[in-house]
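Visitor: This is the structure I want to talk about, given as structure tokens.
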Amino acid sequence: MNFVEELKWRGMIHDMMPGTEEQLQKELTSAYVGIDPTADSLHIGHLVSVMMLKHFQRAGHRPIALIGGATGMIGDPSMKSAERNLLDEETLRHNQNSIKKQLSKFLDFDSDSPNAAKLVNNYDWMKDYTFLGFIRDIGKHLTVNYMMAKDSVKKRLNAEAKTGLSFTEFSYQLLQGYDYLYLYQNEGVRLQMGGSDQWGNITTGTELIRRKLGSEAEAFALVCPLITKADGGKFGKTESGNVWLDRRYTSPYKFYQFWLNVSDEDAAKYIKIFTALEKDEIAALEKEQADAPHLRPLQKRLTKEITIMVHSQEDYDAAVEASNILFGNSTSDALKKLDEDTLLAVFEGVPQFEISQDELASGIKAIDLCTEKAAIFASKGEMRKLVQSGGVSLNKEKLSDADTLINKDNLLNNKYLLVQRGKKNYFLLIAK
């Protein structure tokens, strides 16, 4: 597999230094991507770089994920309008271990092959480097003029933001450049990859290697485009914030729903970037989409591939089943299987009413519950009429008698009742 050709048809190359493809065709090459460890989970904004490493390993090369423990303590000015919070070492180590677990779903760290993936942390080689040593050994090789010319620096200096650019952040590109030099010398790395906003920092590294080791020292750069949405919105952001890979922050169901709801145009782009499906298979799916867009085969396959890759087959199956509860003809058994987090995620946004646990203890008629305790129906007459025509369900089971007694045994997860009025109107009753 030709790595550069693979990325080209997937739309994953924004810029590349001359000679990069020749280097990769010449020999097994090590390349790295830097990952910011400011959280103990990756979010889907990280996935483009992770997929680059995945394809790199598939092409027979050696991927290295660099956790920016030292640089994470400083903050990269690229595309940022303000400095970030600095982290302590204990937090960094915790974040590093959590991130490696997530990366293991994409990369093979454990095989004996020469292209097994490796995780490194730049804190390990920076923590004992003195300031005097660093500016003597590294700082002297790059001029301030060179560093000031970088877009990321110019943008912050020219901005009207009162924050300006601290010396700490200004030195970031020097530190990232040293990472490349260190990995070049100690891990045989010849290529650094990242998003297009990292081009300036990456080329600082190639320049530092050339100036420090001589013009025969060859180092290369390859960056992918920043992912956008067709409507111009920011990719990976929802109303509630980032879409995370860790289920504690974004449930598998919400993760599944995010991908399922992307537009046709975005689905056609994302399926190339975020899956390892082959070109022919994607072309067949695109034809299916063109022939029957209402069936949304691109969204469905994209969602399946990425949910299984990030979570599991079981999580994907559970998300499909949960979706069927809301949009399909699923049974009460499927509803009862939902855990509380998924239940709340599925019915997020539906009208909710609080009811009393004490009243349920002795039992309450469904008609009283849905009119007096929760305003699901405007009148008892309206409810009786709809029950008679089979239009009311409780926990996905048709209610045959409006006077049916409801008690604690009917609760889902000992707390919830789901009332359905007609085909599409849901109400969630929460017993407190």
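Visitor: Would you point out which residue out of K127, K212 is crowded, with 16+ Cβ neighbours inside 10 Å and in contact (Cβ under 8 Å) with a residue 40 or more places away in the chain?
Guide: None of the others qualify; the one that does is K212.
Visitor: Considering every residue within segment 365-378, establish whether at least one is out of contact with any strand residue (DSSP E or B) (no Cβ under 9 Å at 6 or more places or on another chain), assigned to a loop (DSSP other than H, G, I, E, B) and at pLDDT 90 or above.
Guide: So far as segment 365-378 goes, yes, one or more of its residues are out of contact with any strand residue (DSSP E or B) (no Cβ under 9 Å at 6 or more places or on another chain), assigned to a loop (DSSP other than H, G, I, E, B) and at pLDDT 90 or above.
Visitor: Restricting the search to segment 30-52, which residues are open to solvent by 20 Å² or more (accessible area, probe 1.4 Å) and under 20 Å from W199 (Cα atoms)?
Guide: G34, D36, G45, H46, S49 - these are the residues of segment 30-52 that are open to solvent by 20 Å² or more (accessible area, probe 1.4 Å) and under 20 Å from W199 (Cα atoms).
Visitor: Looking only at segment 236-281, which residues are among the small types (G, A, S), under 14 Å from V48 (Cβ atoms) and under 13 Å from the mean Cα position of the chain (by Cα)?
Guide: Answer for segment 236-281, where residues must be among the small types (G, A, S), under 14 Å from V48 (Cβ atoms) and under 13 Å from the mean Cα position of the chain (by Cα): just G236.
Visitor: Moving on to the next point. Please find, within segment 234-262, the residue that is farthest from H294 (Cα to Cα) out of those that are basic (K, R) and either touching a Phe, Trp or Tyr at 6+ places or on another chain (Cβ under 8 Å) or not in a strand (DSSP E or B) (or both).
Guide: Of everything passing the filter in segment 234-262, R248 is farthest from H294 (Cα to Cα).
Visitor: Got a sec? Which of L157, L183, L213, L208 is closer than 25 Å to G45 by Cβ and not hydroxyl-bearing (S, T, Y)?
Guide: L183
Visitor: Give me the pairs: first residue in segment 106-120 and more than 12 Å from G60 (Cβ to Cβ) and without any contact (Cβ under 8 Å) to a residue 24 or more places away in the chain, second residue in a loop (DSSP other than H, G, I, E, B) and among the small types (G, A, S), beta-carbon distance under 6 Å, and six or more apart or on different chains, which are they?
Guide: F109/A117
Visitor: Still on this structure, I have one more. Just for segment 226-245: of the residues that are touching a helix residue (DSSP H, G or I) at 6+ places or on another chain (Cβ under 8 Å) and at pLDDT below 85, which one is nearest to Y172 (Cα to Cα)?
Guide: The extreme case among them is G236.
Visitor: Return yes when E382 is surrounded by fewer than 15 Cβ atoms within 10 Å (Cβ to Cβ) and not in a loop (DSSP other than H, G, I, E, B) and no when it is not.
Guide: yes
Visitor: Ok, one more. Please tell me if A268 is surrounded by fewer than 16 Cβ atoms within 10 Å (Cβ to Cβ) and more than 27 Å from G349 (Cα to Cα).
Guide: So A268 fails the test.
Visitor: Answer yes or no as to whether L298 is touching an Asp or Glu at 6+ places or on another chain (Cβ under 8 Å), surrounded by 17 or more Cβ atoms within 10 Å (Cβ to Cβ) and in a helix (DSSP H, G or I).
Guide: So L298 passes the test.
Visitor: List pairs: first residue in segment 408-427 and within 15 Å of G390 (Cβ to Cβ) and open to solvent by less than 70 Å² (accessible area, probe 1.4 Å), second residue among the basic types (K, R) and not in a helix (DSSP H, G or I) anywhere in the structure, Cβ distance under 9 angstrom, at least six positions apart or on different chains.
Guide: Q420/K396
Visitor: Here's another thing I want to ask about it. In this structure, does L165 turn out to be open to solvent by less than 20 Å² (accessible area, probe 1.4 Å) and not small (G, A, S)?
Guide: No, not satisfied.
Visitor: Would you confirm, using the coordinates I've provided, whether I308 is at pLDDT 90 or above, open to solvent by less than 40 Å² (accessible area, probe 1.4 Å) and β-branched (V, I, T)?
Guide: no
The values are calculated or read from the model by the stated rules, or taken from the named source; none is laboratory data. From a predicted model like this one, the values you see are computed outputs, not experimental measurements. Cβ sites come from the backbone with ideal geometry, for glycine too, and all protein chains shown count toward neighbours. Each accessible area value is taken on the protein alone, full model and side chains, heavy atoms only, with ligands, DNA and RNA left out. Shrake-Rupley method; radii C 1.70, N 1.55, O 1.52, S 1.80 Å.
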